[in-house]
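The values are calculated or read from the model by the stated rules, or taken from the named source; none is laboratory data. Since the structure is predicted, the reported quantities are computational estimates derived from the model, not experimental observations. Reconstructed Cβ throughout: ideal geometry from the backbone, glycine too, with neighbour counts over all protein chains shown. Heavy atoms of the whole protein, side chains included, go into the accessibility calculation; ligands, DNA and RNA do not. Shrake-Rupley method; radii C 1.70, N 1.55, O 1.52, S 1.80 Å.
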Amino acid sequence: MNFFLVFQNKSYKEERNGRYLWAPQKNNTGQTYHHWTDMKMIKKEDIIFNSYNGKLVSVLVAKENCKEHERPTGLDELDLWEKEGWLVNVDYNDLEEPITYKDYMEDILKLQNEKYAPFNRLGRGNTGYLFRVSKELANFFFEIIEKTNSVLRERFQFENSIPEEIITQIESDLHSATTLDETEKETIIKSRIGHSAFKKSLLAVEKKCKVCGITDERFLIASHIKPWSKSSNHERLDVNNGLLLCPNHDALFDKSYISFDETGKVMVKESLDDTTKILFNINETMRIVMNERQQQYMKWHRDNFLNS
Ligand SMILES: [Zn+2]
């Protein structure tokens with residue numbers, strides 16, 4: 001599932017009445033823009049956050065894949081664009097309480113993608129129609145919606161867990177391996193999870209090392225915040241108990257040489273000397289963004305870090 005955000009200012013009323021989104025293929029001088037052509041990416045069931053006057057006012061669900069479609073008659077009066085365009089029919093789910101982006105801008109800017117993002121660095125909406133929303137930002141929007149609009153949250157509950165078979169499989173494989181000690185077992189579990197559904201579902205949420213931003217998936221490790229051996233089955237599968245990390249940062253995190261405080265700021269063991277820190281690409285100014293559930297797991301990790 002993909003997420004988008006649409007700034008519907010000029011055409012809000014018409015599109016809302018018609019329950020569709022429409023963008024032209026070109027303007028009247030023949031130019032086209034990604035914020036129009038991205039319409040083609042919208043598939044059935046995708047979610048589009050609907051913005052009007054600086055507020056999130058509605059959550060739209062695509063009823064179909066995007067299709068080529070002439071400008072609907074409702075938009076003719078605006079007469080701003082060529083007739084050829086892209087159209088998606090959508091369901092509108094209005095928020096009981098619209099959300100003012102400005103109130104959450106600091107977090108929004110941290111969570112949105114770098115490219116094709118809805119807001120610029122100053123926190124203003126970019127000029128254009130349709131923009132891409134990262135899964136992290138979508139989750140964040142849903143967290144705010146949950147607080148203020150209980151009905152909607154239930155409708156859009158995320159499927160955040162992964163199949164239980166994965167655990168059963170790993171455990172049954174290791175059951176017979178009586179020659180391995182606990183540390184060796186954990187190492188095997190970790191490498192198995194490295195290319196498992198757990199990593200897949202983590203990758204769906206955050207495509208890079210949470211600390212340094214390395215994006216090459218081949219080197220990313222799905223690390224448990226609260227270790228596998230200490231976790232319940234539910235916690236082992238909970239994506240919120242996962243951090244995607246590069247090998248360096250995984251090693252530091254796994255062995256509790258680093259952890260993160262309540263604000264997401266990195267905490268570094270004093271025993272690491274400056275050269276090691278430089279070579280491992282870690283310094284005290286680094287910061288990560290966590291949701292509430294990740295925070296709870298991180299508290300476990302932090303306590304362990306402080307006591308070790
Ligand atoms: Zn890293």
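Counting only Cβ charges, +1 for Lys and Arg and -1 for Asp and Glu, the dipole size of the chain around its Cα centre is about 540 debye. Ranking LEU180, TYR52, MET298 by Cα position along the charge dipole of the chain, where only Lys, Arg, Asp and Glu carry charges on their C-beta atoms, puts TYR52 farthest toward the positive end. Can you give the FRET efficiency for ARG293 and HIS69, using 1/(1 + (r/R0)^6), R0 = 30 Å, r = Cβ-Cβ distance, to the nearest 0.05? Here the calculated transfer efficiency is 0.15. The shape of the range 178-307 comes out rounded: with a ≥ b ≥ c from the C-alpha gyration tensor, a/c is under 1.5. Quick check on the range 1-54: take the gyration tensor over C-alpha atoms, sort the square-rooted eigenvalues as a ≥ b ≥ c, and tell me if it's rounded (a/c under 1.5), prolate or oblate. Because a/c hits 1.5 or more and a/b fails to exceed b/c, the range 1-54 counts as oblate. For ASN126, the residues whose amide H sits under 5 Å from its own are PHE119, ASN120, ignoring neighbours fewer than 5 places away on the same chain, with H placed 1.01 Å from N. Charges were assigned to the Cβ only: +1 to each Lys and Arg, -1 to each Asp and Glu. The resulting dipole of the range 248-306 about its Cα centre is roughly 140 debye.
Full extension of the chain between LYS265 and ILE278 gives 3.0 nm of extra length, using 0.36 nm per residue less the Cα-Cα distance. Going down the list LYS13/LYS208; LYS13/LYS63; LYS10/LYS63, which pairs span over 30 Å between their C-alpha atoms? Listed pairs above 30 Å: LYS13/LYS208. Using the 1.4 Å probe convention, the accessible area of the range 3-155 works out to 52 Å² per residue with neighbouring protein chains retained. Rounded to whole numbers, the Karplus 3J(HN,Hα) couplings from phi for the range 17-26 are 4, x, 6, 8, 10, 9, 9, x, 7, 9 Hz, using 6.51 cos²θ - 1.76 cosθ + 1.60 with θ = phi - 60°, and x at Gly and Pro. Taken one residue at a time, the phi angles of the range 108-116 give Karplus couplings (6.51, -1.76, 1.60, θ = phi - 60°) of 4, 5, 6, 8, 7, 5, 6, 9, 6 Hz. Gly and Pro are set to x. Based on C-alpha pairs under 8 angstrom that are at least 6 apart in sequence, the chain has a relative contact order of 13 percent. Tell me whether the range 3-155 comes out rounded, prolate or oblate; compute the Cα gyration tensor, take square roots of the eigenvalues as a ≥ b ≥ c, and use a/c under 1.5 as the rounded threshold. It comes out prolate by the Cα gyration axes. How big is the C-alpha Rg of the chain next to the rule-of-thumb value 2.2 N^0.38 Å, as a ratio? Cα Rg divided by the expected 2.2 N^0.38 Å: 1.17. Taking amide H atoms as placed 1.01 Å from N in the peptide plane, the amide H of GLY85 lies under 5 Å from those of GLN25, HIS69, GLU70, ARG71, each 5 or more residues away in sequence or on another chain. Remark: the LYS207-LYS40 segment gains 57.9 nm on full extension, using 0.36 nm per residue and subtracting the alpha carbon distance.
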